[in-house]
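Below: the structure, in structure tokens.
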Amino acid sequence: MANFIQRDIISIRDFDKDGLLYLLDLAKRMEQTDHTGLLKGKVLASLYFEPSTRTRLSFESAMKRLGGMVIGFAESGITSAVKGESLADSVKIIEGYCDIIVLRHYLEGAAQLAADVVDIPVINAGDGANQHPTQTFLDMYTIQKTKGTLEGLKVGFLGDLKYGRTVHSLAYALAYFDAEMYFISPPNLRMPMDCIEELNNRKVKCYENETLLDIAEELDVIYCTRIQGERFADPVEFEKVRGTYRLSKSFIESLGVKEDLKILHPLPRVDEMDETLDGTDFAVYFQQARNGIPVRKALLAAVLGAVE
Amino acid sequence: MKNMDVSAIKDGSVIDHIDSKSTLKVAEILNIQQEEQVVLVGMNLISKCLGKKGIIKIGGKSIAQKEVNKIALIAPNASVNIIKDYEVVQKFKVKVPDVLEGIVKCFNPNCVSNHYAVHAKQHVINKNPIKLKCHYCERIMNAKDIILI
């Protein structure tokens, strides 16, 4: 999928290795050169039916930095959804006001539904616990930038692997690059079986662990995630696992990790990463958040046909 | 002389080679309790290929494609015979289509298809054993997860 023009960006599964590499290369160009005015006259509808800070603001910033305009809302409570309007009707109406839709929704499959009913491109900015492909692009971009390569890395995924959509998407994407994957979680937040099955079918070496202790020294990257209280139906189950993992500078150093280990996190963090980590060379999560701009600029420009 | 376990019907449809244990589920798909003509249901009949099989004969009934697709999910070995004047005028094996629309409910309670008036839709990624991927939420469903609409 190297041709992005007018394509919907719904799932990381829609991308092959060439498509991913094309986008990462374009993001690098976006970061190195000024592209102001590239999307002049284009309008992005930013539709957030679920709260978001980084994703929403970085999309809006990327669009404005390319000279485009942004309309939309950041909470569904102020939309006709509260009057009972269907999602399909909402997006069909908004389609007439813009050139591209970026949609965040709490229901899984919402972005696909929107893409099925409108003729303009739809970008999935997160649909429930399902997919968050643009987060994966910036995760990949950050890994490539800080490790110098995407090929053959040993990557540990830590935290909520059951509901963590960014984990699922990143694991699928890294499968193209011969990565070895270690899934570290409490037993009730393990990587879903169908994800493991899919990775096994793609001949990815994956392992499951409950702690970092025996494997940390092997890892090139740790991808840490928040245990998401809002995804638990039962608050008692959440209380059992919150605070299970807490990475700090001293803890990481005590594990004998590689000097060039990089720790990523999609943010926001709660208590899984101590602030003592922030100033270390391990911590690249703030840089990761900043990388949302060149990556989303690249994506918007590619989908709207403004670049080759 | 061949001994028939279930009597012949003059006109209608016969669903044969049903896995015996799935017979009543197929009967449910065909909504037999609403039929006004003859309905014959046989279970645990001897079958060369299945060991034991089920069979359903419904007088005056034409099977709709949607029903055939549902039967294929529950009883992949089944065959359908269309009967006219005691003769089989058409016979075919049921076949799972590549895409199912409005037939199976997505088992994921957070799937958008369970919250809005959307036709549930799945892509068949494996026919035997059956494996479906929801068009919307991408969850994979196995036979045990299938709830027919």
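The values are calculated or read from the model by the stated rules, or taken from the named source; none is laboratory data. Computed from a prediction, not measured in an experiment: that's the story for all the values here. Neighbour counts are summed over all protein chains in view; Cβ atoms, including those assigned to glycine, are modelled from backbone coordinates with ideal geometry. Note: accessible area is taken over every heavy atom of the protein model, side chains too, but ligands, DNA and RNA are not part of it. Shrake-Rupley method; radii C 1.70, N 1.55, O 1.52, S 1.80 Å.
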If you roll a 1.4 angstrom probe over the protein chains with everything in place, what fraction of the accessible area of chain A belongs to carbon and sulfur, to the nearest %?
47
Chain pair A, B: total accessible area buried, heavy atoms, 1.4 Å probe, Å²
1300
How far is helix A:292-303 tilted off the main Cα axis of chain A, in degrees rounded to 10, range 0 to 90?
40
Over chain A, what relative contact order in percent results from Cα pairs under 8 Å that are six or more residues apart?
21
Two-site FRET efficiency, A:ILE215 against A:GLN32, from Cβ-Cβ distance with R₀ of 30 Å, rounded to 0.05:
0.25
Averaged over residues of A:79-90, the number of beta carbons from other chains lying within 10 Å of each residue's Cβ is 1
GluC sites (Glu not before Pro) lying in DSSP loop within segment B:1-104, provided at most 15 other Cβ fall within 10 Å:
B:GLU35, B:GLU36
Kindly state, to the nearest 0.05, the FRET efficiency for B:LYS144 paired with B:LYS84, given R0 = 45 Å and r defined as their beta-carbon distance.
0.70
When you look at the Cβ of every residue in A:109-117, what mean number of other chain Cβ atoms sits within 10 Å?
6
Considering the convex hull of the alpha carbon atoms of segment A:1-49, report its projected area averaged over all viewing directions, in nm², one decimal.
4.7
Please tell me the relative contact order of segment A:118-264 in percent, rounded to the nearest whole number, where contacts are Cα pairs under 8 Å and at least six residues apart.
25
Summing -39500 (n - 2.57) over the DSSP H runs of n ≥ 4 in the protein assembly as shown and dividing by its residue number, what mean residue ellipticity at 222 nm do you reach, to the nearest 500 deg cm²/dmol?
-8000 deg cm²/dmol
Could you work out the mean count of beta carbons from other protein chains within 10 Å of each residue's beta carbon in B:114-122?
4
So, in Å, what gap is there between the alpha-carbon centers of segment A:82-105 and segment B:77-124?
31
Semi-axes a, b, c in Å (a largest) for chain B, each sqrt of 5 times a Cα gyration tensor eigenvalue, come to 31, 16, 12
So if each residue of separation counts as 0.36 nm, and I subtract the Cα-Cα distance between A:LYS258 and A:ASP278, what length gain in nm does that give?
5.5 nm
For A:LYS92, go through the aspartates and glutamates and keep the ones whose alpha-carbon is under 18 Å away, minus same-chain ones fewer than eight residues off.
A:ASP8, A:ASP116, A:ASP119
Bin all alpha-carbon pair distances of segment A:49-207 at 5 Å intervals from 0 and give each bin's fraction as a whole percent.
2, 8, 15, 18, 17, 14, 12, 9, 5, 1, 0
Going by a ≥ b ≥ c, the root eigenvalues of the Cα gyration tensor, does segment B:1-73 fall in the rounded group (a/c under 1.5), the prolate group (a/b larger than b/c) or the oblate group?
oblate
In degrees rounded to 10, the 0-90 angle between helix B:65-74 Cα long axis and the longest Cα principal axis of chain B is 80
Per residue, how large is the accessible surface of the protein assembly as shown? Use a 1.4 angstrom probe and give square angstrom.
46
May I ask for the distance between the Cα centers of segment A:233-295 and segment A:181-226, given as a whole number of Å?
16
Got the relative contact order for segment B:11-149 handy, in percent, Cα pairs under 8 Å and 6 or more residues apart?
21
Residues of segment B:124-149 that become at least 10 Å² less accessible with every protein chain present than in their own chain isolated, using 1.4 Å: which are they?
B:LYS131, B:LYS133, B:HIS135, B:TYR136, B:CYS137, B:GLU138, B:ARG139, B:ILE140
Assuming a ≥ b ≥ c are the square roots of the Cα gyration tensor eigenvalues, decide whether segment A:207-308 counts as rounded (a/c under 1.5), prolate (otherwise, with a/b larger than b/c) or oblate.
oblate
A:CYS206, B:CYS49, reordered so the largest accessible area comes first (probe 1.4 Å)
B:CYS49, A:CYS206
Hey, got the Cα dimensions of segment A:80-168 along the principal axes, in Å, largest first?
47, 28, 17
Here D for segment A:1-111, in µm²/s, from Stokes-Einstein with a Kirkwood Rh over Cα pairs at 4 °C and 1.567 mPa s, works out to 84
How are the C-alpha pair distances of chain A spread across 10 Å bins, as whole percents from the shortest bin up?
6, 28, 34, 23, 8, 1
What is the distance, in nm, between label points placed 7 Å from the Cα along the Cα-to-Cβ direction at A:MET193 and at A:GLU151?
3.7
